[in-house]
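The values are calculated or read from the model by the stated rules, or taken from the named source; none is laboratory data. Since the model is a prediction, treat every value here as computed from it, not as a measurement. Every residue, glycine as well, gets a Cβ built from its backbone with ideal geometry; the counts of neighbours run over all protein chains shown. Just the protein is used for accessible areas: all its heavy atoms, side chains included, with ligands, DNA and RNA removed. Shrake-Rupley method; radii C 1.70, N 1.55, O 1.52, S 1.80 Å.
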Amino acid sequence: MRTIGILTGGGDCPGLNAVIRAVVRTARHEYDLDVLGIQLGFEGLLTRAVVPLTTESIRGILPKGGTLLRTTNRGNPFAFPSLQEGHPVVVDRSDEVIRNIHELGIDGIVAIGGDGTLRIAQRLCDMGIPMVAVPKTIDNDLAATDYTFGFHTAVSVATEAVDRLHTTAESHDRVMILEVMGRNCGWIALYSGLAGGADIILIPEIPYSPEAIVRSIGEREHEGSKFDIIVVAEGAKRIGGEEKYLDRASRRLGGIAYQVAADIAQQIDLEIRVTVLGHIQRGGSPIAFDRILATRFGKAAADLIARGDVGKMVALRGDEVCAVRIRDAVSNPKYVDPDGQMVATARSLGVSFGDGR
């Protein structure tokens, strides 16, 4: 193996550049490998958008958010959007990707991304392309690894928002609803809500009842509290209901905080204000934990690809970084356990999950 490629797919998150830096430095210093940066994820393998990455070109990127290589959610070569006779269709362009990889002289690829990117990496690996994966999801929703980089930074951002909302909620006797990311898993909402002292936490794994939320607010008011903080994951839903979409066709979630506000507005006397953090959770500099984890992941990924130990994803288990099969990682999501220790801890502190318990 002489030349490896590296790409970032899916949404960005804090720590991507730290992974890129670690892969490049390890590949160059330990194995004397050349590294090509593939721009815009797998789409860059269709357009041959590659740039050489050297220790000089990646200097200074460790603390920076985003990704040096840019990224996209729409570059799946197995289902690439196209037009035929003026009509939108999806086509399989994986053969072009394979051909371009060989023509570019790429002997193996490190793919950094979430569930979608990992699935594409596995399919290319099945077609004979040596692939190693680095998990990237701020939702922390892969069971194969204890933590993914970017998660703790997102929690830190959300916790600071809860802290700031506390002071204004208390000053004005208001209910403050904070919407955070979390499509299928409520880890960001749970961690930031617990760390920030939220009164109500709504997550996808525990459907809520508006009546239960109103009762929780009433109980706090009876105890003398004239304000409430609600943290809601974007994928939360009412009992018997479904997720709230900004765009159902693209399955883009959003608006659940406003839905919760509408659900309870007529049943309480307090004013309600909504804050949606959105992509603020994805942007900015990673905290120290995520920089270190991303660096360890990048180093481990470079080791795997250089040794030819492919079809693997790096993961954190306890204090050790190890390798697991990509196929196993993508088939096993990590949900919040409604009966687990984290939820039990929150309930013991008087936190409501909107389910009447």
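Of all residues in region 271-303, exactly one satisfies the criterion of being among the aromatic types (Phe, Trp, Tyr) and either open to solvent by 20 Å² or more (accessible area, probe 1.4 Å) or farther than 21 Å from VAL35 by Cβ (or both), namely PHE289.
The set of residues from region 160-198 being open to solvent by 20 Å² or more (accessible area, probe 1.4 Å) and acidic (Asp, Glu) comprises GLU160, ASP163, GLU170, ASP173. Of everything in region 1-53 that is among the charged types (D, E, K, R) and in a helix (DSSP H, G or I), the residue that is farthest from ALA300 (Cα to Cα) is GLU43.
Close contacts from region 342-357, counting a first residue that is without any contact (Cβ under 8 Å) to a residue 24 or more places away in the chain and a second that is hydroxyl-bearing (Ser, Thr, Tyr) and surrounded by 12 or more Cβ atoms within 10 Å (Cβ to Cβ), with Cβ to Cβ under 8 Å and a gap of 6+ residues or different chains, come to none at all. Applying the condition of being more than 11 Å from PHE42 (Cα to Cα) and part of a helix (DSSP H, G or I) to region 101-115 and asking which residue is least open to solvent (accessible area, probe 1.4 Å) yields ASP115.
Yes/no per residue for (1) under 25 Å from VAL51 (Cβ atoms); (2) among the hydrophobic types (A, V, I, L, M, F, W, C):
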residue: ARG70; (1), (2): yes, no
residue: HIS102; (1), (2): yes, no
residue: LEU118; (1), (2): yes, yes
residue: MET131; (1), (2): yes, yes
residue: ALA154; (1), (2): no, yes
residue: LEU165; (1), (2): no, yes
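When ASP337, ASP328 are screened for being among the charged types (D, E, K, R), farther than 15 Å from LEU190 by Cα and not in a strand (DSSP E or B), only ASP328 passes.
If you filter region 1-15 down to residues that are buried (at least 20 other Cβ atoms within 10 Å of the Cβ) and closer than 16 Å to THR55 by Cα, you find that the one that is nearest to the chain's Cα centre (by Cα) is ILE6.
Are any of the residues in region 119-134 among the small types (Gly, Ala, Ser), assigned to a strand (DSSP E or B) and modelled with pLDDT of 95 or more? Yes, region 119-134 contains at least one residue that is among the small types (Gly, Ala, Ser), assigned to a strand (DSSP E or B) and modelled with pLDDT of 95 or more.
Residue under question is LEU46, and the condition is that it be over 23 Å from THR145 (Cβ atoms), of a type outside the set (Val, Ile, Thr), touching a Lys or Arg at 6+ places or on another chain (Cβ under 9 Å) and without any contact (Cβ under 8 Å) to a residue 40 or more places away in the chain; does it hold? No, not satisfied. Each residue in region 145-159 was checked for being open to solvent by 10 Å² or more (accessible area, probe 1.4 Å) and either in a helix (DSSP H, G or I) or among the polar types (S, T, N, Q) (or both), and 5 of them qualify. Please go through region 225-257 and give me each residue that is of a type outside the set (A, V, I, L, M), in contact with a helix residue (DSSP H, G or I) (Cβ under 7 Å, 6 or more places away or on another chain), outside any strand (DSSP E or B) and modelled with pLDDT of 90 or more, ordered by number. Answer for region 225-257, where residues must be of a type outside the set (A, V, I, L, M), in contact with a helix residue (DSSP H, G or I) (Cβ under 7 Å, 6 or more places away or on another chain), outside any strand (DSSP E or B) and modelled with pLDDT of 90 or more: PHE227, GLU234. Filtered by the rule that a residue be without any contact (Cβ under 8 Å) to a residue 40 or more places away in the chain and either closer than 26 Å to LYS334 by Cα or open to solvent by less than 60 Å² (accessible area, probe 1.4 Å) (or both), region 205-242 gives ARG220, GLY224, SER225, LYS237, ARG238, GLY240, GLY241, GLU242.
Being in a loop (DSSP other than H, G, I, E, B), surrounded by fewer than 18 Cβ atoms within 10 Å (Cβ to Cβ) and among the hydrophobic types (A, V, I, L, M, F, W, C) is true of ILE268. All of (1) surrounded by 15 or more Cβ atoms within 10 Å (Cβ to Cβ); (2) without any contact (Cβ under 8 Å) to a residue 24 or more places away in the chain hold for VAL97 with one exception: (2).
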